[in-house]
Every structure is written in structure tokens, then in C-alpha cells.
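Right, one structure below, let's go through it.
Bear in mind these aren't lab numbers, they're just calculated from the coordinates by the rules spelled out. Since we're looking at a predicted model, the values are computed, not measured. Using ideal geometry, Cβ is built from the backbone for each residue, glycine included, and neighbour counts are taken over all protein chains shown.
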Amino acid sequence: MSAFDSLSAFFAMGGHGVYVWSAWGVTAALLSLCFFQARLERRALLKALSRRARRERARAETPSTPMPTEESDDA
Amino acid sequence: MSLRLQARQLACERDDRWLFDGLDVMLESGEILRVEGPNGSGKTTLLKILSGQLDDYDGALEFNGQPLRACRDTFLANLLYLGHAPGVKAGLTPLENLAWYQALGGEAPDEAACERALNDAGLAGFEDTPAGRLSAGQNRRVALARLTLTPRALWVLDEPFTALDREGVAMLERRLSHHAKAGGSVIITTHHALGGLQRVRRLRLGEALA
Amino acid sequence: MSASDGGALRPPPHGAGRAFIATLSRGLRLAFRRRGEALNPLVFYALVITLFPIGISPDPALLAVIAPGLLWVAALLAALLSLDTLFRGDFEDGSLEQLILAPQPLWTQTLAKVCVHWLMTGLPLALSAPLLATLLALPAGSYAVLTLSLVLGSATLSLVGAIGAALTVGLARGGVLTSLLILPLYIPVLVFGTGAVEAAIAGQSALPYLAILGALLALSLMLAPWAIAASLRISLNG
Amino acid sequence: MWAIVHKFGSPQWFYRLSCRLEPWCWVLAALSLGAGGVWGLALAPADYQQGESFRIIYVHVPAALLAQSVFIAMALASLVFMVWKIKVADMAAAVMAPFGAAMTFTALFSGAVWGVPTWGTWWVWDARLTSMLILLFLYLGVIALRGAFSSRQSGARAASVLAMVGVINIPIIKYSVEWWYTLHQSATFSLTERPAMPASMWLPLLIMVVGFYSFFAALTLLRVRSEILRREGDKRWVRALKEIPS
């Protein structure tokens, strides 16, 4: 059913291997680059929002008490 | 035919910070509204919104009861806006500059009127010297000559006193009170004490948010 | 009525034609006052043309082959360079603000500005092209078509280029960005401009190419002024 | 009509909608890219004329198609933003531009690489490759213009105008480049004329195209949600989101 009789023939691609694999490789690389960039961007934004929320909560609790209670600063 | 400019719950965001929020402005015929506030409090932005230049703001802005966007042509026909820069081309003479503004307003060319306006603005004798060789104060006077050359009901003036000498300041204050008495209205920002004028309402910016 | 004449409301004027002519004549007067500056595009055009025989080879046979394309590309770059003068001066002295606030349809004013730019750069380039064509040994018989195609094409270049100039007028170093935005949009004009000259060289009729240049001009005449007006409003509020 | 348009355009509504839609798009993308990849690379027959290098088509054609569709989608989003002032539309346009540029580059790279075994050189001024190169410059122009302004709002509106001007010019550029190419018709084989493909070849191609488009949809939904977090961060409903680690 497969167009190649052996695994090595599959990689050789009838002599055009370097072209086929470089084209597919660059495409796969770019797609995954876009994917991971988006995921990292989202995680960074969520972390920034949580830090801001924590800072606002800390500020809301401290105006009266002189000694601000230490906020447990998780990752 | 009175003039009424009303803004309700005006809010403008600039680079992720709110310059002003929930601002109500009302301007009737014969009134002078002075916009005050520290530098960077959004005075120029407010003037640009009220003169219809900026339209990415929240809130409603109405001219004589109609939303500004609907009656923009009528509004612009009755507006005279003077910004920080006087809008005078250095390569042209004061007369040519004024002739262009006359044509821009759709009026027929009338050199005599231009000369009168320049004379009233204290530029007698400088009608034909290129504006590039005039001083900053004289350039400002060329811009102020438009107040009499092309009369408009609503004046929006952004720091009009800059670079003016004492007579210039007095001349402009006289024009402001005359325009208000004659039923026109003015929105002005200045660090000048407008001593001699009555009916000056103040609008503080940059404080409401503090 | 004298008591409240200050407050009398005026109807919107309908002197759009007068305002158009006023802005046009103002631009031309300003340009003539600085005649030296008006020659810059022409000098640039001649200079670029003379670089190529030096850079590639003085052999007339080879030059004749690249002449149409080269005459067109150099004209296109000269027009691109002079786009900056369209709105930059008015932006700095505040008259651009007044132009936008005039009670006239803004697209008539932008059209007037573009006409000034075309009359001061596009037309002179087109009229000087035959002279430079002789430097490049352009085969005879194609000079008239060269000039005509440049006259038609440069008008489109001014219209489309003004959109880029309007978009970047508020930026301090907008020059390079303008060319990045505009050059891709110049390619159709370049293709059919050079096509017309090559057809004339080959002895065929250049009419179909000139017709397409005319169509491109009509399209940009219809769309560009409005797009320039929108871009100016965006740049000034930026 | 106005209220509905604004309700659909509200960031909050869009955020909830994309939370539900996005996972499905990722699943579809993964399945079709996986299946299409295996099918195209290993199972589909090679081209009798070009041999195995023909398999590059399964990457080149979807990328080229997507490159143009993204530009059109970006121009549409810009139009919606400029006319109805819907912020989400501008966020979508801002997010699509880099991905469109990446797809255009992919199409260019795979096209050039495909050219080596067939034409013997890296770059041939083939009509479609040249149009693709110009499209890349249009993308870079929009991205550069959006970033050039100090205030984000005017950068967004300037980029919207350029996107709309650009989209009108795409067919004109394509037509003129096609015409220009046929005039300078060099003897080399061009990508444009190819014998009709048998089903065993265009079926994997279709699956790959579906894979690319669903990847684009999923990525856009994800990145627009991030844009919403970035721009609407101070809104109450954003701060109340449970996804934010307390």
C-alpha cells in the first residue's frame, strides 16, 4: 500500500530527499514555532494578570494595618 | 439662532490610560469655556474631540441637538480652530495665507478684507513680506487675523496667547469679549489669566482622576 | 441681528471648486518659490540613469535591452522620493490640520495636493525621459510611447504614493516605511509601463498597454483621494 | 442591528465563544495534518515526471492558498473594525498578519526548494512565486506600519487602511505579474500548467488544506484571546477569569 518498499527508500525519497524533507521540515518548524509562541504568550499574560491581581489585593489589605501581612507568594 | 455644543459622559483613552472619564461639557451662545489642567492632562485632546478632529472617544457629542457625526458639515462651517502651530506657510506672504483660508471657507477672494484683517491684527506694513521672515508673534497674529477675516460662531483656541506681546494679548482679550457679547462662544486653553472677561466658565482636567 | 451676529450660524458652503483651485495654486506657488527644490527629482532621475552604463556596461546593444525597464524604475524611484514633500511641510506648520477642518469635502483637497505633486514631479520626469532615453540608446520609435506611458503612469504613482505619504506623515522617520508600503502597489504600473515601451520597440501597437495604464489611473483617481483623506485623519489623530 | 453587532463584537462574548471552539479546531488540525502528512509523504504515488520531489506540493499549495486567504481575512477584519469600531476585529487583524507572513514565507521557501530538482536553480521568476514574494512585502508593510505608531489605536487604524488598500491590489498585482510572466515566457517548466491530478494525489492535498486552515483558525482564536487579556486586562470580567492563577 505504501509507495516505498523500505524505510531507507522512504528517507531517500528517490534522491529528492533533501528537498522534500527541507520543505516539510521548514513548514513543520514554522507551524510549531507559531504554536509554541502563542502558548508562551498566553502563559506570560496570565502570569502578569495574576501578579497584578495579587498586588492589588495586597494593597487593598494594607492601608490600615501598619505591618503588611506577608502575602504567600506562589510561583 | 443660538449655538449649543454638548458632550455627555465623554471619555478618552490614550496609550492605555484614561485622560478623562465621564466628562460632561455644555457650551451655549455667548459663553467662554476655559479648559485648565496640568501638562499632559488631555487639554489638547479634549479640544480636538470638541472640534470634531478626533472621533475615537466614548460618550455622546451633540451640536445644536444633533449628533456631531450627523451634522459635521454645518459644524465645520461654524468652527474656527487654532492649534499650537499657527498654520501659516513660511513660503507665502500673510496676504496669500489669508486668501487661502478665505477660499477654504468657500468665500470669494477679497484682498481688501484680508488687508483690513491684517491691519486690525497689528500687521500693517507686513502684508507682503514672506511669513518665514516674520517673528513667531507676528505669525501668531496672522493666524489671529482669521478671527475677523472669516467670522465663525464657535472658536476653539489652543494656547492662542503663545508668543504674543502685551498689545497682542490685550487685542485678543478684546476680541474674545466682543465675540462672546455678540453671541459667539469660545473654548480656550491658556495659562494666561483672562482677567478682563466676564462669563468665563472653567473646566478642570487631570484632577477628577487623582 | 447685529447683537448676535457673532453667533449667527452659517450653512455649509459649496465653494468646493474654489477651495480646490485655491489649494492647487497655493501648492504651485509654494513650489515655484522653491524652484531649486523642484529640480531634485529630475537630477536624481538623470543621476540614476547615468549610473547604469557605468555599473553594467557602456555597450549600446545591451543598454537598449534594459533601457525601457530602467527608465521606468528610475522614474518610479524619483517619484517615490519626492512623496515626502506632499504633506510633511503642511504637517509641521499646522496647515494640514486646517485643511482637514475646512468645511470642504477633504478628498477634493487631497486631490489638489496630489495634482501639485504630479505637476511638479511626474510631468517633468515624463518630459525629460526622452532625453535620458538617448543616453541609453533606446531604439527609435518608442520615445513618444515612453513619454505618454510615463505621463499616465506617474499620475497613478502620485495618487497611490500619496496614500503611503498620508499614512506616515505623523511619523518622525517615516521615509523608509513609506517606500516599504508603496513599492508593492507600484508594480502593476511598472509592468504595463515597461510593457508599452517594449511593444513600441517591437513595432507592435502600444495602445492596449496604455489603455490598461489609463484604467489603473481611473481606478486610483476614484479610490485614492478618499483613502488619502482617511489616512490623513488617522495620522493626525495618532 | 446595531445592538446585535456590538453584542457579538464584545470581547467578553468572543472570549467565551473561542474557549469552546478552540479545542475542536486544534483536534481537527492535528488529525488532518497528521493523516494528510502520512498520506502525502508515504502513501500517495510519486509524480511520473518529477518523481518524489512532487510531494512538496502537499505543503506548498496549502501554504500558498492560506497566505492569500489570511490577507483577505485580515482585510475583512480591518473593514469590520473601521466601520463598526469592533475592537475584537482589530485584534484578529493584528494577530493574523504575522501568521500570514509565515505562511507566505513557507510557500516561497517550499516553492523555491521544489524548483531546484525541477528547474535546477533556487529562484526562478515564475509568475506565482513572484506574486507570492510581493504578497510577503505587503504583509511586512502592514506589520511595520502597525508597529510604527506610538499610540496603539492609530497604529491599528493605519494598518487597517493599508490592509484594505492592499487587498484591492492583490488581484491587480496577480494579473499583471501573470501577464508579465507570459510575455517573458522562458523555456523553463512553470508551476502553473500541470496535468490534472488523480484522486490518490489531490485527496491528501485536500486533507492538508483542511489541516492548514483549521490550524489557522485555532491559532487565531488562541492569539485573539491573548490579545483580549493584554488589552482588556483592567476590566472586571478579565480579572474574574478563573484561568488566572491566584
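Computed from phi, the 3J(HN,Hα) profile of the stretch D:51-66 under the Karplus parametrisation 6.51, -1.76, 1.60 (θ = phi - 60°) reads x, 5, 4, 4, 5, 5, 4, 5, 10, 5, 5, x, 5, 5, 4, 5 Hz, with x in place of Gly and Pro. Computed on the Cα atoms alone, the convex hull of the stretch C:119-238 gives a volume of 102 cubic angstrom per residue. Over the C-alpha atoms of the stretch D:49-132, the Rg to Rh ratio, Rh being the Kirkwood estimate, stands at 1.15. Relative contact order of the stretch C:15-237: 26 percent, from C-alpha pairs under 8 Å at least 6 residues apart in sequence. Distance between the 7 Å Cα→Cβ label points at B:ARG72 and B:GLU13: 2.3 nm. Note on B:ALA170/C:ARG35: beta-carbon distance plugged into 1/(1 + (r/R0)^6) with R0 of 45 Å gives a FRET efficiency of 0.60. Using θ = phi - 60° in the Karplus curve 6.51 cos²θ - 1.76 cosθ + 1.60, the 3J(HN,Hα) couplings for the stretch C:40-55 round to 3, x, 5, 5, 4, 4, 5, 4, 4, 4, 6, 5, 5, x, 5, x Hz; x is entered for Gly and Pro.
Rounded to the nearest 20, the Cβ-based charge dipole of the protein assembly as shown about its Cα centre (Lys and Arg +1, Asp and Glu -1) stands at 1520 debye.
Work out the P(r) tail for chain D: percent of alpha carbon pairs separated by more than 30 Å, whole number. For chain D, the share of Cα pairs beyond 30 Å comes to 36 percent. Residues whose amide H falls under 5 Å from that of B:LEU3, counting only those 5 or more places apart or on a different chain, are B:SER29, with hydrogens built in the peptide plane. Taking one quarter of the surface of the C-alpha convex hull of chain C gives a mean projected area of 15.0 nm². Taking the helices alone, the protein assembly as shown has a mean residue ellipticity at 222 nm of -21500 deg cm²/dmol, built from -39,500 (n - 2.57) per DSSP H run of at least 4 residues and averaged over all its residues.
Around D:GLU243, with a cut-off of 10 angstrom between Cβ atoms, what is the net charge of the other residues, counting Lys and Arg +1 and Asp and Glu -1? Charge balance near D:GLU243 sits at +3. Within the stretch B:1-145, the percentage of alpha carbon pairs spaced more than 19 angstrom apart rounds to 61%. Spread over its residues, the convex hull of the C-alpha atoms of the stretch C:1-136 is 122 Å³ per residue.
Residue-wise HN-Hα couplings along the stretch C:227-234, as the Karplus relation 6.51 cos²θ - 1.76 cosθ + 1.60 with θ = phi - 60° gives them from phi, are 5, 5, 4, 4, 5, 4, 4, 5 Hz; Gly and Pro carry x. Convex hull volume per residue, computed on the Cα atoms of the stretch A:7-60, equals 64 Å³. Any idea what % of Cα-Cα pairs in the protein assembly as shown are farther than 39 Å? More than 39 Å apart: 50 percent of the Cα pairs in the protein assembly as shown. Cα to Cα, under 27 Å, and not fewer than 8 places away if on the same chain: which lysines meet these conditions relative to B:LYS181? Within the straight-line cut-off, B:LYS181 pairs with B:LYS43, B:LYS48.
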